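The structure under discussion appears below in the form of structure tokens.
The values are calculated or read from the model by the stated rules, or taken from the named source; none is laboratory data. Being a predicted model, the structure only gives us computed values, none of them experimental. Cβ coordinates were reconstructed from backbone atoms using ideal geometry, including for glycine residues, and neighbour counts include every protein chain displayed. SASA here: full protein model, heavy atoms, side chains in, ligands and nucleic acids out. Shrake-Rupley method; radii C 1.70, N 1.55, O 1.52, S 1.80 Å.
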Amino acid sequence: EDGIRDLVRSRGLGDVYKRQGVSDLYGVKARLVYDEERLEARGLTPGSCTGGTMAQEQSSTGEGVVSYVAARSEVELPFSGDCDVAAFTVVGLTPGTYPITVDKIALTDTRGELLPVEVAGGTVTVSP
């Protein structure tokens, strides 16, 4: 299953977008949406399938949106297999369960062709 794994932690939460069985992956472009009033973004770490990462961009709008773009370096072969695309780390500000949504995702091969992908929703639970 592709998607965000559900994690339950009290503080210092993290979600991982995982792609299983990818073939010839070269680039990743994703956008995550979260409740900024209840969760504070602490960072996004590139996953194992972006390798040496030739280009990488992360941006947070301060409006509960994080965008991520990464590509493998020109000297690396495209990635095939199971991998983590990225790890998104947040800290809970108030107790409760909140969604983190991948509302846009594109995985591409070396020709820029889109690879098939499905997204499953995820949540984080902040304990009191």
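Filter segment 42-70 down to residues that are of a type outside the set (A, V, I, L, M, F, W, C) and surrounded by 20 or more Cβ atoms within 10 Å (Cβ to Cβ) and give me whichever is modelled with the lowest pLDDT.
Here is the first cut: in segment 42-70, the ones of a type outside the set (A, V, I, L, M, F, W, C) are 42-43, 45-48, 50-53, 56-64, 67-68.
Next, only the ones that are surrounded by 20 or more Cβ atoms within 10 Å (Cβ to Cβ) stay: 47, 50-51, 68.
Details: 47: 79, 50: 75, 51: 66, 68: 84.
Result: 51.
For segment 80-118, which positions are over 21 Å from residue 42 (Cβ atoms), touching a Ser or Thr at 6+ places or on another chain (Cβ under 8 Å), in contact (Cβ under 8 Å) with a residue 40 or more places away in the chain and open to solvent by 40 Å² or more (accessible area, probe 1.4 Å)?
Hit for segment 80-118 is 80, nothing else.
Within segment 107-123, track down each residue that is under 18 Å from residue 69 (Cα atoms) and hydroxyl-bearing (Ser, Thr, Tyr).
Hits for segment 107-123 are 108, 110.
Return the residue satisfying two criteria in turn: it lies in segment 92-128 and is part of a strand (DSSP E or B) and hydroxyl-bearing (Ser, Thr, Tyr), and of such residues it is nearest to the chain's Cα centre (by Cα). Explain how you work it out, then say what you get.
First, the residues of segment 92-128 that are part of a strand (DSSP E or B): 92, 96-108, 114, 122-126.
Those still in the list that are hydroxyl-bearing (Ser, Thr, Tyr) too: 97-98, 101, 108, 123, 125.
On the way: 97: 19, 98: 16, 101: 10, 108: 15, 123: 13, 125: 18 Å.
Selected residue: 101.
This table checks each residue for (1) charged (D, E, K, R); (2) assigned to a strand (DSSP E or B); (3) closer than 17 Å to residue 28 by Cα; (4) touching a helix residue (DSSP H, G or I) at 6+ places or on another chain (Cβ under 6 Å).
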{"site": "66", "(1), (2), (3), (4)": "no, yes, yes, no"}
{"site": "73", "(1), (2), (3), (4)": "no, no, yes, no"}
{"site": "76", "(1), (2), (3), (4)": "yes, no, yes, no"}
{"site": "83", "(1), (2), (3), (4)": "no, yes, yes, yes"}
{"site": "87", "(1), (2), (3), (4)": "no, yes, yes, no"}
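Counting only residues that are over 18 Å from residue 110 (Cα atoms) and within 13 Å of the chain's Cα centre (by Cα), which one in segment 29-41 is surrounded by the fewest Cβ atoms within 10 Å (Cβ to Cβ)?
So the first thing to find is which residues in segment 29-41 are over 18 Å from residue 110 (Cα atoms), and the list is 31-41.
Applying the additional criterion that residues be within 13 Å of the chain's Cα centre (by Cα) yields 31-34, 41.
Numbers: 31: 17, 32: 25, 33: 15, 34: 22, 41: 20.
It comes out as 33.
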